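Quick notes on the structure that follows.
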Ligand SMILES: [Zn+2]
C-alpha cells in the first residue's frame, strides 16, 4: 500500500512540472470524481451535499464540500503548489561566440543552487494568448531534455570542493543550444499549441527531468523533485477525496507562491481563502453572525514538509526533539510563530493522530538557528481560525531532488482523511 501510494505520488509529480500543472491536474482529478468547477467571475449557487472547486491565477486551487446537515464550520487543509526553481526572463536568449545559446533566468525561491548542475532540465509553465475578447492561459511542458547547466571543470577551479559562492546571474544560465538564437520561443509555442507570434506573455520555469525513485535496502526511501510541497498537496487531495463529513465543510486548499513569501493575489497572504469561505456563506444565505460562529468552530492545518535529522549532519537538528524519515507525520513548533502550532492546536492534531493510530513526531529548530517558515501563520492571519503546522519529514529541502520516507506518505493521507471527517471541536 505505502509503495503503491508513493508510486502514485511520483507519477503525479512527473505530470506536474510547474504550479500551473499542479492546479490543472488536481482540477482534472476533482472533475472526474464529480466536483463542479466554479469560476470566481460567476454567481455561485451552492447546494447542500454539493462538491465544488475553484482556481485563482490557474496556480492556486481550493476544493470544498457543502455538508448535508446544518453546517458547523470548516475543516481546512492548506499546502502549496510551487517549488523553488529558475524563472525564465523576457528576451531570454543569450548567444555566446556563435557556439552557445543560453537562457537568462532568475531565482524563484531559495533553492540549493548546486543541485541544478549537470542534469537534464526542461521548461514548463504557461503562455498567455488572446482569444476573442479574452486573454487565456495555455499550459506548457516541453517534456524532453532541453537544457542543462554545466559545472566548471575541477581543473579550472581547483577550490570548487572547498565551498563555492554561486552567482545567480553568471553561474546558473542553462545552455539550450549550440548555434544561433531564435529557437526557444518556437519550442515553448509548439508545446502550448500556439504560434510564437500569438504569445503575449509567459510564466515559464526550469524543471529537473530526473524521474522519481524508490530506493534503499528495503525500499524505505524515495526521492524526487518538488516533494516540497507536492507530497503534502497530494496527500491532502487523497485524504479529501476519500472523506465525507455531513456537519463540516471540508476545504482542500493549495496555494501558489509560498516559496516567495505568499504575498500575491493567489498566495496564502491573499484573500483567496477568505473570499472563498465568505462566498460559501453568501451562497448558503447565512448572515454575518452565523459566519463568525462557523469560523469559531473551524480548524486549519497547514501541511508543508519538515526537516528530518540529517544522517551526515545530526547536530544540525534540535537536541531533544528529533524527527526521522519513516517516523510519522511531523508537528512543527516555533516560539516566534513562524509555525502556528501552539499547545492547544497541537492537542487537536495529536488527538486525531491517536484516534487513527498515526505516528506523530515533533519538530523544533535548534535554538541557535532561525529555520524556515511556511503558510500556516500567514493564512491564519487572513482567516482567523485555530491552526497547526504539520509536514512530512524530508532530507535536502529545496534541492532539485529531495528525499522522504515511504511510510510517512500513507500516514499523512490517513491524517488528512481523519481531519476532514472529524467532528472534533477546540474550545481554547
Ligand atoms: Zn514548502
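The values are calculated or read from the model by the stated rules, or taken from the named source; none is laboratory data. The structure displayed is predicted, hence computed values, not measured ones. Every residue, glycine among them, receives a Cβ derived from its backbone with ideal geometry; neighbour counts consider all protein chains shown.
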Residue in the stretch 64-71 that is in the same structural domain as residue 251 (by TED's automatic domain parsing) and outside any loop (DSSP other than H, G, I, E, B) present:
yes
Among the residues of the stretch 332-339, are any more than 16 Å from the ligand (Cβ to nearest atom) and at pLDDT 95 or above?
no
Does residue 428 satisfy being surrounded by fewer than 23 Cβ atoms within 10 Å (Cβ to Cβ), away from the ligand (no atom under 16 Å from the Cβ) and touching a residue at least 12 places away in the same chain (Cβ under 8 Å)?
yes
Identify, by number, the condition in (1) closer than 24 Å to residue 421 by Cβ; (2) at pLDDT 95 or above; (3) away from the ligand (no atom under 16 Å from the Cβ) that residue 316 doesn't meet.
(1)
Which one of the conditions (1) outside any strand (DSSP E or B); (2) within 16 Å of the ligand (Cβ to nearest atom) does residue 388 fail to meet, given that it meets all the rest?
(1)
Closer than 19 Å to residue 19 by Cβ and out of contact with any strand residue (DSSP E or B) (no Cβ under 8 Å at 6 or more places or on another chain) - does that describe any residue in the stretch 71-93?
yes
Looking at (1) out of contact with any helix residue (DSSP H, G or I) (no Cβ under 6 Å at 6 or more places or on another chain); (2) free of Cβ contacts under 8 Å to residues at least 40 places away in the same chain, which is the one condition that is false for residue 98?
(2)
Is it the case that residue 274 is touching a helix residue (DSSP H, G or I) at 6+ places or on another chain (Cβ under 7 Å) and surrounded by fewer than 19 Cβ atoms within 10 Å (Cβ to Cβ)?
yes
Give 303, 356 a once-over and let me know the one that is touching a helix residue (DSSP H, G or I) at 6+ places or on another chain (Cβ under 9 Å), closer than 30 Å to residue 402 by Cα and within 16 Å of the ligand (Cβ to nearest atom).
303
Condition first: in a loop (DSSP other than H, G, I, E, B) and either surrounded by fewer than 19 Cβ atoms within 10 Å (Cβ to Cβ) or not assigned by TED's automatic domain parsing to the domain that holds residue 277 (or both). Can you find one or more residues in the stretch 99-109 that meet it?
yes
Options 329, 358; residue that is under 19 Å from the mean Cα position of the chain (by Cα) and surrounded by 14 or more Cβ atoms within 10 Å (Cβ to Cβ):
329
Scan the stretch 398-406 and tell me whether some residue there is assigned to a loop (DSSP other than H, G, I, E, B), touching a strand residue (DSSP E or B) at 6+ places or on another chain (Cβ under 8 Å) and more than 28 Å from residue 219 (Cα to Cα).
no
Among the residues of the stretch 238-261, what is the count of those that are out of contact with any strand residue (DSSP E or B) (no Cβ under 6 Å at 6 or more places or on another chain) and either part of a helix (DSSP H, G or I) or surrounded by 24 or more Cβ atoms within 10 Å (Cβ to Cβ) (or both)?
6
Residue in the stretch 75-87 that is farthest from the ligand (Cβ to nearest atom), counting only those that are crowded, with 23+ Cβ neighbours inside 10 Å and assigned to a strand (DSSP E or B):
75
Would you call residue 412 more than 16 Å from the ligand (Cβ to nearest atom), in the same structural domain as residue 314 (by TED's automatic domain parsing) and either out of contact with any helix residue (DSSP H, G or I) (no Cβ under 9 Å at 6 or more places or on another chain) or not in a strand (DSSP E or B) (or both)?
no
Single residue of 288, 267, 239 found to be within 16 Å of the ligand (Cβ to nearest atom) and not assigned by TED's automatic domain parsing to the domain that holds residue 106
267
